[in-house]
Amino acid sequence: MSNEQIKKDLLIQRAFLKKELDQLRFIAEVTGTNQEKEIDKRLDRLLTIDKILEELEKKK
C-alpha cells in the first residue's frame, strides 16, 4: 500500500473518529451519562493517527 493510500485511509478514519466524538459528547450532555472512557479511547486513537500522519509527512 502506498503512503498516499495510507494517508487517505487515515484521514477517513480521523474524520469518523471526530464524528463519533461529537456524538458521544452530545449523548453525554443530553442523557447525563458518563461517556468519558469512550471519549478517551477515541481521543487516544485520534492522537495516534495524527502522529502517524505527521511521520508520513516527514518521509516526503
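At-a-glance table
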| read-out | value |
| --- | --- |
| Cross-link pairs Lys37/Lys58; Lys37/Lys59; Lys7/Lys41; Lys19/Lys58; Lys19/Lys41; Lys8/Lys37 - those with Cα-Cα distance over 23 Å | Lys37/Lys58; Lys37/Lys59; Lys19/Lys58; Lys8/Lys37 |
| Positive minus negative residues near Ser2 (Lys, Arg vs Asp, Glu; Cβ under 11 Å) | 0 |
| Helix 3-31 axis, angle to the chain major axis (alpha carbon atoms, nearest 10°) | 10 degrees |
| Accessible surface of the chain [probe 1.4 Å, protein heavy atoms]: carbon and sulfur percent | 55 percent |
| Virtual spin-label span in nm between Arg14 and Ile49, 7 Å along Cα→Cβ | 0.8 nm |
| The chain - mean residue ellipticity at 222 nm from DSSP helices (-39,500 (n - 2.57) per run, n ≥ 4, rounded to 500) | -31500 deg cm²/dmol |
| 0 to 90° range, to nearest 10: angle between helix 36-59 axis and the chain longest Cα axis | 10 degrees |
| Paramagnetic reach from Glu38 in region 15-31 [backbone N under 14 Å; point 7 Å along Cα→Cβ] | 17-31 |
| Whole-number D in µm² s⁻¹ for the chain, Kirkwood Cα-pair radius fed into Stokes-Einstein, 37 °C, 0.692 mPa s | 261 µm²/s |
| The chain, accessible area per residue, ligands and nucleic acids excluded (1.4 Å, Å²) | 81 Å² |
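The values are calculated or read from the model by the stated rules, or taken from the named source; none is laboratory data. Nothing here was measured: the structure is a model prediction, and the numbers come from that model. Note that each Cβ is placed from the backbone with ideal geometry, even for glycine, and that neighbours are counted across all protein chains shown. With ligands, DNA and RNA removed, areas are computed over all heavy atoms of the protein, side chains included. Shrake-Rupley method; radii C 1.70, N 1.55, O 1.52, S 1.80 Å.
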